[in-house]
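Structure record follows, encoded as structure tokens.
The values are calculated or read from the model by the stated rules, or taken from the named source; none is laboratory data. It should be emphasised that the depicted structure is a prediction, and the values quoted were computed from it without experimental measurement. Reconstructed Cβ throughout: ideal geometry from the backbone, glycine too, with neighbour counts over all protein chains shown. Each accessible area value is taken on the protein alone, full model and side chains, heavy atoms only, with ligands, DNA and RNA left out. Shrake-Rupley method; radii C 1.70, N 1.55, O 1.52, S 1.80 Å.
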Amino acid sequence: MTFVVGLTGGIASGKSAVGSQFKALGVPVLDADQVSRDVVKPGSEGLTAVVAHFGPDILDSDGNLDRRRMRERVFSHQEARRELEAILHPLIRRGILEWRDQCSAPYCVLMVPMLVKMGWHDLVDRLLVVDCPVELQLERLLARDDIDPALAQSMIAAQDTREQRQQAADDLILNNGSLEELSIMTQRCHKSYLDYAQGRSSEIEALHLPDNAARVQ
């Protein structure tokens, strides 16, 4: 079976940039966010269930899920978020498993934002966490999504904590520098994973990048 690396990190931590760099290196990468969009396409089982539960006002004029409106609703009401997750998470997990089980590359990457919080460790053989200080995470999120600061803070709070992700990590990338630095760290991870997957090394030494990156104090 293909060796599977789980890639996770807080929102706006830089995990998507790392995922793109793995793709550029020829590694198959599945983004769970894309799966989450696929399972609520018009006519899908997921969208039908979401509309039945939350009502047709969560659709836009074209019959698609209005993701911004849905996000504002669930991140301001914890119970609504749990209800949405109960509908979609089984469908997302099924899609991830189907993709993973068809992969034939030496190793592949599953990019799952809340892998730790959802307890989906069984989907992967190794966990790579992309990390950054919460203040930088908030700054990036506000710049990226142009949303209200209160909503941004609620989105961060809804995820697993920085400490929880770090404690679960086999490997850790501290992304508080340049894109070039991030690329170098990703390449080091790639070499380590590929050497292991192709039998050139018998184990993977834990990577905390940059070297000796301090965990949260």
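Which one of Val4, Pro149, Ile173 is farthest out on the positive end of the charge dipole of the chain, using unit charges on Cβ (Lys, Arg +1; Asp, Glu -1) and the Cα centre as origin?
Val4
Rounded if a/c is under 1.5, else prolate if a/b beats b/c, else oblate: with a ≥ b ≥ c from the C-alpha gyration tensor eigenvalues square-rooted, which is the range 91-217?
Note, shape of the range 91-217 comes out oblate.
Add +1 for every Lys or Arg and -1 for every Asp or Glu among the other residues with Cβ under 14 Å from the Cβ of Asp66, and state the total.
It works out to a net charge of +3.
Report the net charge of residues surrounding Val18, where surrounding means a beta-carbon distance below 15 angstrom and charges are Lys +1, Arg +1, Asp -1, Glu -1.
0
Stretched out fully, how many nm does the piece from Ser201 to Ala150 gain, at 0.36 nm a residue minus the Cα gap?
Gain on stretching Ser201 to Ala150: 13.7 nm.
How many angstrom lie between the Cα centre of the range 34-51 and the Cα centre of the range 138-217?
When both Cα centres are located, 29 Å separates them.
So what's the net charge close to Met1: Lys and Arg +1, Asp and Glu -1, counting the other residues with Cβ under 15 Å from its Cβ?
So the surrounding residues net to -2.
Compute the acute angle (0 to 90°) between the alpha-carbon long axis of helix 67-76 and the principal axis of greatest extent of the alpha-carbon atoms of the chain; round to the nearest 10°.
Between helix and principal axis, roughly 90 degrees.
Quick check on the range 17-78: take the gyration tensor over C-alpha atoms, sort the square-rooted eigenvalues as a ≥ b ≥ c, and tell me if it's rounded (a/c under 1.5), prolate or oblate.
Judged from the Cα gyration tensor, the range 17-78 comes out prolate (a/c at least 1.5, a/b above b/c).
Say each of Asp66 and Asp122 gets a label point 7 Å from the Cα, pointing the same way as Cα to Cβ; how far apart are those two points in nm?
Taking the simple label geometry, Asp66 and Asp122 are separated by 3.8 nm.
As a check on your grasp of the helix formula, calculate [θ] at 222 nm for the chain: sum -39500 (n - 2.57) over DSSP H runs of n ≥ 4, divide by the residue count, round to the nearest 500.
The per-residue figure over the chain is -16000 deg cm²/dmol.
Nearest 10 degrees is fine. How inclined is helix 179-197 to the longest principal axis of the chain, computing both from alpha carbons?
70 degrees
Is there a quick way to get the dipole size of the chain? I mean about its Cα centre, with the Cβ of Lys and Arg at +1 and of Asp and Glu at -1; what is the value in debye to the nearest 20?
It works out to roughly 160 debye.
Give, rounded to the nearest 20 debye, the magnitude of the charge dipole that the range 53-144 has about its Cα centre when Lys and Arg contribute +1 at Cβ and Asp and Glu contribute -1 at Cβ.
In debye, rounded to 20, the range 53-144 gives about 60.
Given a 1.4 Å probe, how much area per residue of the range 143-217 is accessible, in Å²?
With the other protein chains kept in place, the range 143-217 gives 59 Å² per residue.
Give the lysines whose C-alpha is closer than 17 Å to that of Lys117, dropping any in the same chain fewer than 8 places away, or say none.
The qualifying lysines are Lys15.
Label Met1 and Asn176 with points 7 Å out from Cα along Cα→Cβ: what is the distance between them in nm?
The two pseudo-label positions are separated by 3.7 nm.
Just check the range 23-124 against the gyration tensor rule for me: Cα atoms, a ≥ b ≥ c as the square roots of the eigenvalues, rounded for a/c under 1.5, and otherwise prolate or oblate depending on whether a/b exceeds b/c.
prolate
Considering every Cα-Cα pair within the chain, what fraction, in whole percent, is farther apart than 22 Å?
Tail of P(r) above 22 Å: 53 percent of Cα pairs.
If you roll a 1.4 angstrom probe over the protein chains with everything in place, what fraction of the accessible area of the range 1-58 belongs to carbon and sulfur, to the nearest %?
Summing carbon and sulfur atoms, their accessible area is 57 percent of the total for the range 1-58.
If you restrict to DSSP beta bridges whose two residues both lie in the chain, what percentage is antiparallel, to the nearest 5?
5 percent
Let me spell out the model: positive unit charges on the Cβ of Lys and Arg, negative unit charges on the Cβ of Asp and Glu, origin at the Cα centre of the range 79-133. What dipole size does that give, in debye rounded to 20?
20 debye
At 1.4 Å probe size, with the rest of the protein present, what percent of the exposed accessible area of the range 87-217 is carbon and sulfur atoms?
In the range 87-217, the share of accessible area belonging to carbon and sulfur is 48 percent.
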